[in-house]
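What follows is a short report on a single structure.
The numbers here are math on the coordinates, done by the rules we state, and not lab data. What you see is a predicted model; the values in this text were computed from it and never measured. Cβ atoms come from the backbone with ideal geometry, glycine included; neighbour counts cover every protein chain shown.
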């Protein structure tokens, strides 16, 4: 029994005191990425039939880098992205709203 794409999640947790990032993932994509980076799972979970269901990782906070995509690179909600771009353009032009004088 496998997981659907919607069920393949990754959870990151850390606190400033411990300085360790705890990662749990049920995503094979994340498993491969961690393996490429040389991070080994310290615990693995499995479905009753033996197929892997998740992996737990630990890494030092100093080794972890949180990188976000550049603004406007999202492919998420095209309508929301269009509205945001229009609002930014209006703000750059000094417009305060539709139908109002600048």
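Below is a table of values for the structure above.
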read-out: Residue 69, sole failed condition from (1) exposed (fewer than 10 other Cβ atoms within 10 Å of the Cβ); (2) at positive phi; value: (2)
read-out: Contacts under 7 angstrom Cβ, first residue in region 43-64 being over 28 Å from residue 18 (Cα atoms), partner surrounded by fewer than 14 Cβ atoms within 10 Å (Cβ to Cβ), 6 or more apart; value: 47/1; 49/1; 51/1; 51/2; 52/44; 52/46
